[in-house]
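The values are calculated or read from the model by the stated rules, or taken from the named source; none is laboratory data. As the structure is a computational prediction, the values presented were derived from the model and not from experiment. All Cβ positions, even for glycine, are placed from backbone atoms using ideal geometry, and neighbour counts span all protein chains on display. All accessible areas refer to the heavy atoms of the entire protein, side chains included, with ligands and DNA or RNA removed. Shrake-Rupley method; radii C 1.70, N 1.55, O 1.52, S 1.80 Å.
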Amino acid sequence: MPELPEVETYRRLLDELLVQQQLVTLEVLDAHVLAVPEDELRQAVVGATVTATHRLGKNCFLELSTGQVLALHFGMTGDVGAYRHDHDRPRFTRVAFHLADGLRVAFIDPRKFGRIRLAGSIAEFQRAKKIGPDALAITAEEMQQGLGKKKTLIKPALLDQRLTAGLGNWIVDEVLFQAQIHPERLANTLTAEEFQALHAAIQLVLRTAIEHEAVYRHFPASFLIHAREWDDSATPGTEAHRFCPRHPKVEIGKHYVGGRATYHCPSCQLLAT
DNA sequence: CACTATGTTTTCAA
DNA sequence: ATTGAAAACATAGT
């Protein structure tokens, strides 16, 4: 589930567990998630101390005492865990960083779309990956400048990490719902007021999600996310509710925009201006 | 078995 | 240079 709020939550955990700790062993259980040769990574990591953590969009960085930076991307299913003994190792742990006191920090990723990279600096990584300003840092004016020129639908534009980094599929739907903008509006037809509303919605959604450590079922009832199917029947009281939080009689629609499943309220989010 | 999935990257076309 | 559609990646869950 790693969009910006999840990655920020992971970063906070990694910060607590790793900062000022020395990495003594690199355990690679599945090299598929490594985007650098294993030996090179081991050489960079073993013996180094983590001096700080950072986040940019959906990327988390571990700054090493050597000056190098470990860049973690969690793909679609990445997660972070901690354990002390092999028999407690989380399922789907692909890489583990061992600390001097025995704690092991796991990079977990069932579907293996996540990647661990090495970079000289965050700035270098950002340039190489063409990552835009973080979604929590970007201003409404910058958004208007970046997205306002795009002759594409607003939803794919918001998902484009080069324009603003950190928004993923469900967050974009939530943001567009909160800003009451239809996902298929052309980006270059949005007004300054609409960019202001988008910016405010991004702040609201991201801050709320981080506050709840990205546990969706704890989000306010005013959020569209409850119409998604994930947290359904398993726990009583968490069934997907199919109606708009603002229009109890209007069913949330599901269709595909830019190839991605998209939920929106046909009453709040109109195509015509 | 059929189908979906929170993300990115590539490829091919218009 | 843009934009878009589709496929690919690897696998779990329903």
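Worth pointing out:
- Segment A:140-264, accessible surface, carbon-and-sulfur percent (1.4 angstrom probe): 52
- The distance from the alpha carbon centre of segment A:184-222 to that of segment A:50-81 is 25 Å, rounded to a whole number.
- Entries in A:Lys112/A:Lys150; A:Lys151/A:Lys254; A:Lys58/A:Lys151; A:Lys58/A:Lys249 that, when Cα-Cα distance is taken, lie over 27 Å: A:Lys112/A:Lys150; A:Lys58/A:Lys249
- Rounded is the label for segment A:4-129, because a/c, from the alpha-carbon gyration tensor with a ≥ b ≥ c as root eigenvalues, stays below 1.5.
- D by Stokes-Einstein for segment A:140-264, Kirkwood Rh over Cα pairs, 25 °C, 0.890 mPa s: 164 µm²/s.
- Surface analysis of segment A:140-264 yields an accessible area of 48 Å² per residue, using protein heavy atoms and a 1.4 Å probe.
- Descending semi-axes in whole angstrom, ellipsoid equivalent of segment A:1-69, from the Cα gyration tensor: 20, 16, 10
- Taking chain A, the Cys residues with no second Cys beta-carbon under 4.7 angstrom are A:Cys60.
- Ranking A:Gln145, A:Ala201, A:Val215 by how far each Cα lies toward the positive end of the dipole of segment A:140-264 (charges on Cβ) leaves A:Gln145 at the top.
- Put simply, when A:214-220, A:68-74, A:44-50 are sorted by average Cβ atoms within 10 angstrom per residue, most first, you get A:68-74, A:44-50, A:214-220.
- Ordering A:His54, A:Val24, A:Leu41 by the projection of their Cα atoms onto the charge dipole of segment A:19-58, which places +1 on the Cβ of Lys and Arg and -1 on the Cβ of Asp and Glu, puts A:His54 at the extreme positive end.
- Whole-number D in µm² s⁻¹ for chain A, Kirkwood Cα-pair radius fed into Stokes-Einstein, 4 °C, 1.567 mPa s: 65
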